[in-house]
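Asks: Structure below; questions to follow.
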Protein chains: 2
Amino acid sequence: MPTEICVDCPVREHALCSSLNDEGVIAFTGLCQRRCVTAGETVMWAGDESRICANLVSGVLKMVAATADGREQIVGLFYPADFVGEPYAEEHAFTVTALTNAELCTVQRRPFEHFLEEHARMENLLLQRTLRALKEARGRMLSLARLSAGEKVAGLLIDMAARAERCVRRPGLDHPVTFDLPMTRGHMADVLGMTIETVSRQLTKLKGAGVLALSGNRTVTIKDAHALRAWAAAR
Amino acid sequence: MPTEICVDCPVREHALCSSLNDEGVIAFTGLCQRRCVTAGETVMWAGDESRICANLVSGVLKMVAATADGREQIVGLFYPADFVGEPYAEEHAFTVTALTNAELCTVQRRPFEHFLEEHARMENLLLQRTLRALKEARGRMLSLARLSAGEKVAGLLIDMAARAERCVRRPGLDHPVTFDLPMTRGHMADVLGMTIETVSRQLTKLKGAGVLALSGNRTVTIKDAHALRAWAAAR
DNA sequence: CTGTTGCCTTGATCTGAAACAAGGACCCGG
DNA sequence: CCGGGTCCTTGTTTCAGATCAAGGCAACAG
């Protein structure tokens, strides 16, 4: 039977742990440690020794790549149940920072690698997730390199809406949908490889075209999902 | 003892197969089939069912992502010993095409997935390689989104020189090094998210600055590796 | 109530790279 | 030797998005 730390875990069915039987969960729990971080706190620093990995329990994290002179690019976002960290790497290549308050279930990297050896189903699930993350990263390379500002913003809105929807409603992105952006304009710019000003202008343009309504800085209503998709594909 | 197909395999020590003992190699060989492709031939089509995976034996392949209206971005290059394909995916997300004549050692996807289950060391090696590919893809996201044309070209030259060097000489990228570019200007542009013209102009600029010498379309001499690195980091 | 701070919008200007256009070098087949 | 590819370079023009600059607005502390 799973130990106490896990019984009320909100991501028990979705995180890597879902690959384990009760016995496995008990063994894994012995290696894990819960950790809470506050918004803005950095969990892993690029260049530091890769000592821990983690399953994200709640909150949102960003992974940031940076040039020597300080230009930054968000190269990954992590949501609850996602796996974070770089097993088999000696040091972290990127910095991981909390966008919101967050809760992590951390494991030491070495013991985790060893644990994988003995739990093939978890290793396999990690492989499948890594392959999916790789596919997603490649898709984003296309987007960063070849889409216009308008396409990028529209695409990101669709992604975020889908993710927000999945939490509250069944899928199907049609007819007015209202949700809160999980990030600031600045973070959107960092994800899309643009500047804050350009993101803001594109949102204003979308509003002017009657595709969106904006209220406050964070709340968005998609008034015309069809038009938004067209915008994402062609503008 | 490995079967005939493998005894003279040039990547036997570097491909996924290196994780197998002789027994494993024999079993794996039973699933494999050699296939030769000519430059320009497409090996996997985006949208097609994912039916095969492969180890690249010789040659170079590109993986291309494309928008609906035809804009393209190379999201990965494959060199000998690299693993190509999308296990656990129902269909290919990207198109893979040979840049040069190439030789592949192909496996049916399903039997391969099944084989992995029974050969944990190969699965683990694939996991490690996938993690490394993911890290590389993320690094390229930074480059695509935030570097200038000059930085991108200089960086790619350094990468290609390092890869060429590794084949002929010991590492150490100092003092004049001459090598052949493994791709056209057009491919460089597709990798870097730019146009042919801009690539060409940057090379001309590098030549003018005395950092490079160009002879013919493909042959490059790095005359000042230090300056080239500076160019990659700052221009 | 007021000053501060963080986040967002909007306007004006600038600029790097794309787009467009023309021509050169090389290769190959006939 | 010629004609037609393919690939590369170079010049000119154009434009999307960056940069610079100025406020607006809400939340919050004092």
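The values are calculated or read from the model by the stated rules, or taken from the named source; none is laboratory data. The structure displayed is predicted, hence computed values, not measured ones. Cβ coordinates were reconstructed from backbone atoms using ideal geometry, including for glycine residues, and neighbour counts include every protein chain displayed. Ligands, DNA and RNA are excluded from the accessible area calculation, which covers all protein heavy atoms including side chains. Shrake-Rupley method; radii C 1.70, N 1.55, O 1.52, S 1.80 Å.
Asks: What part of the accessible area of chain A, given as a whole %, is carbon or sulfur when the probe is 1.4 angstrom? Mind dumping the intermediate values first?
Replies: Values: 5600 of 11160 Å².
After summing per-atom areas, the C and S share lands at 50 percent.
Asks: Mind giving me the nanometre distance, one decimal, between the label points for A:Asn21 and A:Glu113, set 7 Å out from Cα along Cα→Cβ?
Replies: Going from the A:Asn21 label point to the A:Glu113 one covers 2.8 nm.
Asks: Using unit Cβ charges (K, R positive; D, E negative) and no other charged atoms, how large, in debye to the nearest 20, is the dipole of the protein assembly as shown about its Cα centre?
Replies: 1980
Asks: Over 19 Å between C-alpha atoms is what I'm after, so list which of B:Lys135/B:Lys205; A:Lys152/A:Lys207; B:Lys152/B:Lys205; A:Lys135/B:Lys62 land there.
Replies: Where the Cα-Cα span goes over 19 Å, the pairs concerned are B:Lys135/B:Lys205.
Asks: Within 10 Å of each Cβ in peptide A:109-119, how many partner chain Cβ atoms are there on average? Round it to a whole number, please.
Replies: 1
Asks: Determine the relative contact order of chain B: mean sequence separation of Cα pairs under 8 Å and six or more apart, normalised by residue count, in whole percent.
Replies: Working: 376 pairs, mean separation 43.7, N = 235.
Reported relative contact order: 19 percent.
Asks: Moving to a separate point now. Which Cα, out of B:Leu203, B:Leu126, A:Thr42, lies furthest along the positive dipole direction of the protein assembly as shown (beta carbon charges, K/R +1, D/E -1)?
Replies: B:Leu203
Asks: Ok, one more. Within 10 Å of each Cβ in A:75-88, how many Cβ atoms from other chains are there, averaged over the peptide?
Replies: If you average over the peptide's residues, the count of other-chain Cβ atoms is 2.
Asks: Can you give me the C-alpha center-to-center distance between the range B:121-170 and the range B:37-68, rounded to a whole angstrom?
Replies: 19
Asks: Chain A: D in µm²/s via Stokes-Einstein (Kirkwood Rh, Cα pairs, 25 °C, 0.890 mPa s)?
Replies: The calculation lands on 127 µm²/s.
Asks: If you don't mind, there's one more thing I want to ask. Relative to the longest principal axis of the C-alpha atoms of chain B, give the angle of the C-alpha long axis of helix B:120-146, reported between 0 and 90° and rounded to the nearest 10°.
Replies: With rounding to tens, the tilt is 20 degrees.
Asks: Can you compute the charge dipole magnitude of the range B:4-144 about its Cα centre, using +1 on each Lys and Arg Cβ and -1 on each Asp and Glu Cβ, nothing else charged? Give it in debye, rounded to the nearest 20.
Replies: The dipole magnitude comes to about 480 debye.
Asks: Counting only heavy atoms of protein chains, what accessible area per residue, in Å², does the protein assembly as shown have with a probe of 1.4 Å?
Replies: 47
Asks: Next question, about the same structure. Average the reciprocal distances over every distinct pair of alpha-carbons in the range A:4-144, invert the result, and give the Kirkwood radius in Å.
Replies: It is 15.7 Å.
Asks: List, in order, the whole-Hz ³J(HN,Hα) value for each residue of the range A:66-80 obtained from phi through the Karplus relation with A = 6.51, B = -1.76, C = 1.60 and θ = phi - 60°; use x for Gly and Pro.
Replies: Residue by residue, the range A:66-80 yields 9, 7, 4, 8, x, 5, 10, 9, 6, 10, x, 10, 10, 10, x Hz.
Asks: Follow-up question, since we're still on this one. Extending each Cα 7 Å along its Cβ direction at B:Ala66 and B:Glu49, get the distance between those two points in nm, one decimal.
Replies: So the two model labels end up 2.2 nm from each other.
Asks: Right, next: Roughly how many nanometres apart are two label points built 7 Å out from the Cα toward the Cβ at A:Ala230 and B:His14?
Replies: Here the modelled spin labels are 5.1 nm apart.
Asks: For B:Val75, which sequence-distant residues (separation of 5 or more, or a different chain) have an amide H within less than 5 Å of its own amide H, given hydrogens modelled in the peptide plane?
Replies: Residues meeting the amide H criterion: B:Met63, B:Val64, B:Ala65.
Asks: Can you sort A:His187, B:His175, A:His114, A:His92 by solvent-accessible area, 1.4 Å probe, largest first?
Replies: B:His175, A:His114, A:His187, A:His92
Asks: Calculate one ³J(HN,Hα) per residue across the range B:186-197 by plugging θ = phi - 60° into the Karplus curve 6.51 cos²θ - 1.76 cosθ + 1.60, and present them in order as whole Hz with x for glycine and proline.
Replies: Result, ordered by residue: x, 5, 4, 4, 5, 6, 8, x, 9, 9, 3, 4 Hz.
Asks: If you stretched the chain out fully between B:Val7 and B:Thr42, how much longer would it get, using 0.36 nm times the residue separation minus the C-alpha to C-alpha distance? Show your work: numbers first, answer last.
Replies: Values: separation 35, 0.36 × 35 = 12.60 nm, distance 2.77 nm.
Length gained, B:Val7 through B:Thr42: 9.8 nm.
Asks: What area, in nm² and to one decimal, does the C-alpha convex hull of the protein assembly as shown cast on average over all directions?
Replies: The directionally averaged projection comes out at 23.8 nm².
Asks: Hey, what angle do you get for helix A:22-31 against the long axis of chain A, alpha-carbon based, 0 to 90 degrees rounded to 10?
Replies: That helix lies at roughly 90 degrees to the long axis.
Asks: Along Cα→Cβ at 7 Å, what distances in nm separate the A:Val7 label point from those on the other copies, shortest first?
Replies: Relative to the other copies, A:Val7 has label-point distances of 6.4 nm.
Asks: Am I reading the B/A interface right? What is its buried accessible area, both sides, 1.4 Å probe, to the nearest 100 Å²?
Replies: Approximately 3800 Å², summed over both chains.
Asks: Further question on the same structure: Show the residues, 5+ positions off or on another chain, whose built amide H is closer than 5 Å to the amide H of B:Cys32.
Replies: Here the answer is none, since no amide H 5 or more places off falls under 5 Å of that of B:Cys32.
Asks: As a test question: what accessible area, to the nearest 10 Å², does B:Arg218 have when a 1.4 Å probe is rolled over all protein chains in place?
Replies: 90
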